[in-house]
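Since the structure comes first, as C-alpha cells, the remarks are kept for the end.
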Amino acid sequence: MDPSYSGQDVLRCHICETPMPSLYCDICHIHLCKACVGEHILDESKEHKVVPFKNRGSTYKCPKHCSKQCLLYCEQCDISICLLCISCGEHENHKKVGILESLKKKKTFLREDLQELEKTIYPEYQEIASYILIQKSAVEENSQKLKKAIDKQGDERHKEIDTIIKTLKSDVDMMNSDHLGVLNDKETEITITISEITKGIEDLKLFLESNDLSLLSAYKSINDEFRRLPQKHLLSLPSFTPKTISSEQIYQQFGSLSKLSISTNEYASIAEPSTPEKLLIEVPHLISNIDLKSGVDQKFLVMSCRSTEEIWTRDQENTMRLYDF
C-alpha cells in the first residue's frame, strides 16, 4: 500500500510527499508544503486558494456570484459576500469583516457555548438526573413499606374476625348444651311416666281376666294421676343476623392512603454568558397595528407583554384588558 494513502501514516504534501505540510488548497482540497505552493498555483486551469492548514475549509463560493470567492462577511445581513457584492452596492454602509475574522469570532462564541455546556449545564442536568434516580428508589422503597403495612393491617383484621367467629360458635355450642340439657331432663321424666302407664295397662288387663271379687275390689284407679298432661316446653331457637357492611365502610374502617403530592421546586437558572452585540436595524419596521380601546381621556398606566402575541394593559380606572393579535 502506498504510504501516502495509509490511514495510519502522517499527512504528506500532495506533490512531493513531504510529511506534515503546513498549507492547504481550499479549492483543490489537497495538502501542500511551502516549497510546492508555487508549482501548484501555476496551474491556471482553475482558481486556487492556499491557506494555512488550520484555516482549511474557510473558503466559500459566493451564493449570488458562483464564480467568485467570498472574502468578507456582512455582519448585518449575516452572510458571506464577495467583492462583486460590494461593488453592486448591496451592502453599502453595512459593517463588514474579513472571513477569517468572522470565523474566529464565531468559533470563540462556539467555544464559550461548548465550555458552558460541558462545565456548567451538563453537570447540572447530570445532578438532576441523579436526584431523579434517588427519588425513584425512594418511591419503590416507600411502596414496599406501604404494602407491608397494609398486609399487617389485613392480618390484624383477619385475626379479629377469626376471634369473633370463634366466640359466636362457642356461644352457639353453649346454647345448644343448655337446650339439650332441659330436653334430656324432660325426656327422662316422660320416659318414666310412660313406663308407669305401661305397667298400669298391663295390671288392668290382668284384673280383667280374673274373677276374684276381692282382688277386683282392691283395685284403685291411676288415671287421675296421669290425666293431667305435663306442660310442653316451647323453645325459641336462636338465629344469626349478619350485619350488612358496605365495601366503602370496610374500606374506611380498614385504613386509607394519603394522597400523592408532587410539587415542583424550580432549579435556579444558570446565568447566561455574555453574547456578541447585535446591530440594531437602521430603519424600524412596522409589524402590526393594535386598536387599544379605552376612554377618550383615559391613559394607560401599565403595559405588559406576556408574549409576542399578547399584551396586558391597565388604565387610570384600574381596568385591565388583554389584547391578542
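Rule-based calculations on the coordinates, nothing more; no lab input. Everything quoted here is computed from the prediction, not taken from an experiment. Positions of Cβ are generated from backbone atoms using ideal geometry, with glycine treated the same way; all protein chains shown enter the neighbour counts.
The calculated FRET efficiency for Q115 paired with S256, based on their beta-carbon distance and R0 = 56 Å, is about 0.60. If you take all other residues with their beta carbon under 13 Å from the beta carbon of E225, and give Lys and Arg +1 and Asp and Glu -1, the sum is +2.
Checking the Cα-Cα distances for K49/K104; K199/K220; K46/K104; K54/K107; K34/K64; K159/K259 against a 24 Å cut-off, the pairs over it are K46/K104; K34/K64; K159/K259.
Each peptide in 231-238, 109-116 receives the mean, over its residues, of other Cβ atoms within 10 Å, and ordering these scores from highest gives 109-116, 231-238.
For L23, the residues whose modelled amide H falls within less than 5 Å of its own, excluding neighbours fewer than 5 places apart on the same chain, are L32, F53.
Close amide-amide hydrogen proximity is noted between I15 and C33, each under 5 Å apart and 5 or more residues distant or on a separate chain (H modeled in the peptide plane; Pro and chain starts excluded). Treating r as the C-beta distance of V172 and T244 and R0 as 22 Å, the FRET efficiency rounds to 0.55. The stretch between L234 and S45, if pulled fully straight at 0.36 nm per residue, gains 54.7 nm over its current Cα-Cα span.
In order along segment 198-203, the phi-based Karplus estimate (6.51 cos²θ - 1.76 cosθ + 1.60, θ = phi - 60°) of 3J(HN,Hα) comes to 4, 5, x, 5, 5, 5 Hz; Gly and Pro are listed as x.
Residues H31, H40, H179, arranged from fewest to most other Cβ atoms within 10 angstrom of their Cβ, appear as H179, H40, H31.
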